[in-house]
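J.: Here you go, one structure.
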Amino acid sequence: MILIDGKKAAAELRAELREEVAELKSKHNKVPGLTVILIGDLTPSQIYVRNKEKSANEVGLKSEVIKYPDSVEEKTVLEKIQELNSDETVSGILVQLPLPKHIDKQKVIEAIVPSKDVDGFHPMNVGNLSSGYESSIPCTPLGCYLLIKKIEPNLSGKKAVVVGRSNLNGKPMTQLLLKENCTVTITHSKTKDLKAECLEADIIVAAVGIPELVRGDWVKKDAIVIDVGINKTDNGIVGDVHFDEVSKNAKALTPVPGGVGPMTIACLLKNTIDCFKRSQI
Ligand code: NAD
C-alpha cells in the first residue's frame, strides 16, 4: 500500500511556489500578497492563521493578518474587505471561518471580489468551477485532487465516490473529479447504502466528520482513498476512514494527520499566486 505523504507533497509544492514567487518578483518587481482577516479568539482559528502566515512568508509572499475582536460590527468587516478589494498590493483575501453569530457568513463571502477570493467560496468562483472555467478552487479539495493525481495521473473513466456534500469539500471535490472525466457519485447523510456505493469506487474521498466511518470491507482492492476528516477522539485525532482496516485493502491511502491537512495551506498559497498572475494579464 502506498502511504500518501501529504507533508512531503506540501513541502514539494511550497518549494515550487517559492521559485515561482522569485520569478514573479523579478518579472513584475512585486510579490503576491495575502491578507487574512481573523475575528475573535478561537484557538483553532488562531493556530490556522499563524500557520498560514508562516507558510506564506516561507514562500516569499507578502502576508498580513488583520485581527478584530469577537464584538466587531459586520459593517466594519465589510468596509475593510472593500478597502482590500481595491488595494493593488493585495492579491488574495481570506476571512477565517467560523465567524461570530452576528456576522452573516454569506455576506462576507460575497463581499470579497471574486478575483481575490483565495478560498474559492464566492458564488462566482463556485459557478466557474462547475462550468469548467478558470477559478479559485477551495483549498482542501484542491489539495486532495493534487494528491490523487500524483498516484494516478490519468483519471479518465475511473469511478469516484465522494462521501459528504459540503460546499467546502464534497461539492468542489466532485467538480474536480468530473473535470478529469471520472464517473462521480456524491453521497451524503441520506444515502441508502454507503458501503455498496464505496465498494464500486476506484477513488474514495471521505469528507464527513464521523470518526473511522469508512471501513476496510467498504473498499475495493486497489482503490485510492483520501481521508479529509479531522476528528478529535479519546484516542487522539482520527480521520473519517478506519486507517488500519483500509490500509490492508487500498492501493493508496492518506494518513490523518499528515495527509490532506498539510496540502490545504500549500494550496492557499498556490491560489494567492494564481490570483496575482491573473491580475497581471
Ligand atoms: P460538513 O459537516 O459541512 O459536511 C459533512 C457532510 O457529510 C455533509 O454533506 C453530510 O451530508 C455528510 N454526512 C454526514 N453523515 C453522513 C453519513 N453517515 N454518511 C454519509 N455522509 C454523511 O463537513 P466538512 O466541512 O465538509 O468537513 C468534513 C470533515 O473534514 C471534518 O472532519 C472536518 O474537520 C474535516 N476538514 C478537514 C480539512 C483539512 O484540511 N484536512 C479541511 C476542512 C474540513
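The values are calculated or read from the model by the stated rules, or taken from the named source; none is laboratory data. These figures come from a predicted structure and were not determined experimentally. FYI the Cβ positions are ideal-geometry reconstructions off the backbone, even for glycines, and counts take in every protein chain you see. What goes into the accessible areas is simple: the full protein's heavy atoms, side chains included, and nothing from ligands, DNA or RNA. Shrake-Rupley method; radii C 1.70, N 1.55, O 1.52, S 1.80 Å.
J.: Go through (1) touching a residue at least 40 places away in the same chain (Cβ under 8 Å); (2) out of contact with any helix residue (DSSP H, G or I) (no Cβ under 8 Å at 6 or more places or on another chain); (3) of a type in the set (Lys, Arg) for Lys248 and report which single condition fails.
T.: (2)
J.: Mind listing whichever residues of the stretch 185-213 are open to solvent by less than 70 Å² (accessible area, probe 1.4 Å), small (Gly, Ala, Ser) and within 11 Å of the ligand (Cβ to nearest atom)?
T.: Ala206, Ala207, Gly209, listed by residue number.
J.: Ok, one more. Of the conditions (1) part of a strand (DSSP E or B); (2) open to solvent by less than 10 Å² (accessible area, probe 1.4 Å), Ile66 fails just one. Which one is it?
T.: Every condition holds for Ile66 apart from (2).
J.: For the stretch 221-254, name all the residues that are part of a loop (DSSP other than H, G, I, E, B) and either open to solvent by 70 Å² or more (accessible area, probe 1.4 Å) or within 15 Å of the ligand (Cβ to nearest atom) (or both).
T.: Taking the stretch 221-254 as the starting set, the residues that turn out to be part of a loop (DSSP other than H, G, I, E, B) are 221-223, 228-230, 234-235, 239-240, 242, 247-251, 254.
Residues satisfying the conditions are Lys221, Asp222, Val228, Gly229, Ile230, Asp234, Asn235, Gly239, Asp240, His242, Lys248, Thr254.
One line per residue, one yes/no per condition, for (1) modelled with pLDDT of 95 or more; (2) within 15 Å of the ligand (Cβ to nearest atom); (3) not acidic (Asp, Glu):
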site: Leu94; (1), (2), (3): yes, yes, yes
site: Pro100; (1), (2), (3): yes, no, yes
site: Glu110; (1), (2), (3): yes, no, no
site: Met124; (1), (2), (3): yes, no, yes
site: Ile137; (1), (2), (3): yes, yes, yes
site: Gly157; (1), (2), (3): yes, no, yes
site: Val162; (1), (2), (3): yes, yes, yes
site: Leu177; (1), (2), (3): yes, no, yes
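J.: Hey, does the stretch 98-113 have a residue that's farther than 22 Å from Thr264 by Cβ and touching a residue at least 40 places away in the same chain (Cβ under 8 Å)?
T.: For the stretch 98-113, residues farther than 22 Å from Thr264 by Cβ and touching a residue at least 40 places away in the same chain (Cβ under 8 Å): present.
J.: Here is a follow-up. Mind counting the residues in the stretch 245-273 that are of a type in the set (Gly, Ala, Ser) and within 19 Å of Tyr48 (Cβ to Cβ)?
T.: Step one: list which residues in the stretch 245-273 are of a type in the set (Gly, Ala, Ser), which gives 247, 250, 252, 258-259, 261, 266.
Then drop every residue that is not within 19 Å of Tyr48 (Cβ to Cβ), which leaves 258-259, 261, 266.
Of the residues in that region, 4 qualify.
J.: For the stretch 40-53, does any single residue satisfy the condition of being in contact with an Asp or Glu (Cβ under 7 Å, 6 or more places away or on another chain) and at pLDDT 95 or above?
T.: Yes, the stretch 40-53 has at least one match.
J.: Let me ask something else. When the residues of the stretch 255-277 are filtered to those that are at negative phi and small (Gly, Ala, Ser), which remaining residue is farthest from the ligand (Cβ to nearest atom)?
T.: Ala266
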